[in-house]
Amino acid sequence: MDRQIIRTKNFVADSANFILDQAHQSIGERDEFRIALSGGNTPRPVYARLATRARDLPWELFRITFGDERCVPPDDLQSNFRMARETLFEPAGVPEKSVMRMRGEIDPQIASREYEDRLNVLATERGESIYRHDLILLGLGDDGHTASLFPGTAGLEEKRRKVIANFVPKLNSWRLTFSFPLINAARHICFLVDANKGADLIERVIEGDRGFPASHVNPAAGKVTWIIGQ
Ligand code: 6PG
């Protein structure tokens, strides 16, 4: 695995610049930028900074997906889509057609298959056996989860599906999430981990402690970048 670790006191600026660099590189090579956004709180200021830096980006060449979503309506405070809409899509004027929202408001099994079908159609159009993101942003939970692949959940074992509904007992709720096969098909994966995360957890995941789901992120033909706030 081709991996780089960036530790920075300028977490928000460096993360936004990294994403912009990846966008320019992908658009330069393939006239498209397929990026999956992560949810939670960490990326919120990064998306807001991106919006201030990226008004002149060719947003129509972006295809924005979500690595996971809570099973709530899009206007719910818990919605990752709502967070991205407020911090990035609206301020930057991202056209609706560039965003693929996971429908958290419907039955999770149906929503996951619907999303997976949409990705499969796009992959087929590109002659790919599996949809290949240019960049997948991932967070790191305090229990070592990433996307909505939590320790001890069935989703960790998924080897065939690309997008699944995953029941999370500790939250007593369903989540929609990319599976490891889809994550590990990406050209580039970037963990965005701010200074609030425990240094010991980060080191154990980076060292590959298989007890943490995030350690199972290992793209066969892709790069992994860690941007860690200090
Ligand atoms: C989610 C995220 C999840 C998140 C981690 C870290 O939907 O919550 O996708 O994987 O990245 O839980 O969350 P924080 O950034 O809020 O610490």
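Observations on the model:
- Beta bridges by DSSP in region 1-153, antiparallel share as percent, to the nearest 5: 10 percent
- Accessible area expressed per residue, the chain, with surrounding protein chains retained (probe 1.4 Å, Å²): 44 Å²
- Packing-based order for 92-100, 129-137, 107-115, using average beta carbon neighbours within 10 Å, highest first: 129-137, 107-115, 92-100
- Per-residue HN-Hα couplings for region 203-214 [Karplus 6.51, -1.76, 1.60; θ = phi - 60°; Hz; x = Gly/Pro]: 5, 5, 6, 4, 6, x, 4, 5, x, 10, x, 4
- Between the residues 102, 206, 181, the greatest Cα displacement towards the positive end of the dipole of region 2-229, with unit charges on the Cβ of Lys, Arg, Asp and Glu, is found for 206.
- Full extension of the chain between residue 86 and residue 170 gives 27.5 nm of extra length, using 0.36 nm per residue less the Cα-Cα distance.
- Loop-resident sites, region 26-60, for trypsin sites (Lys or Arg not before Pro), counting at most 13 other Cβ within 10 Å (DSSP): 55
- Here the chain is assigned +1 on the Cβ of each Lys and Arg and -1 on the Cβ of each Asp and Glu. Its dipole about the Cα centre then comes out at about 160 debye.
- Karplus (6.51, -1.76, 1.60) ³J(HN,Hα), θ = phi - 60°, over region 41-58, in Hz, Gly and Pro reported as x: 9, 3, x, 3, x, 5, 5, 4, 5, 4, 4, 6, 9, 10, 5, 9, 5, x
- Karplus-derived 3J(HN,Hα), 6.51/-1.76/1.60, for each residue of region 144-152, Hz, glycine and proline x: x, 6, 9, 6, 10, 9, 8, x, x
- Å³ per residue enclosed by the Cα convex hull of region 2-229: 114 Å³
- Assuming charge only on the beta carbon of Lys and Arg (+1) and of Asp and Glu (-1), the dipole of region 71-133 about its Cα centre is about 200 debye to the nearest 20.
- The distance linking region 114-144 with region 183-230 is 17 Å (Cα centroid to Cα centroid, whole angstrom).
- Most to least packed among 122-128, 75-81 [average Cβ atoms within 10 Å]: 75-81, 122-128
- GNM result for the chain, Cα springs below 10 Å: residue of 13, 186, 214 fluctuating most strongly: 13
- Residues with amide H under 5 Å from that of residue 224, placed H, sequence gap 5 or more: 2, 3, 4, 189
- Residue separation of residue 215 and residue 118 scaled by 0.36 nm, minus their Cα-Cα distance, works out to 32.2 nm of gained length.
The values are calculated or read from the model by the stated rules, or taken from the named source; none is laboratory data. Since this is a predicted model, take the numbers as computed values, not measurements. When we count neighbours, we look across all protein chains shown, and the Cβ atoms used for this are built from the backbone with ideal geometry, even at glycine. In case anyone asks, the SASA skips ligands and DNA or RNA and just uses the protein heavy atoms, side chains included. Shrake-Rupley method; radii C 1.70, N 1.55, O 1.52, S 1.80 Å.
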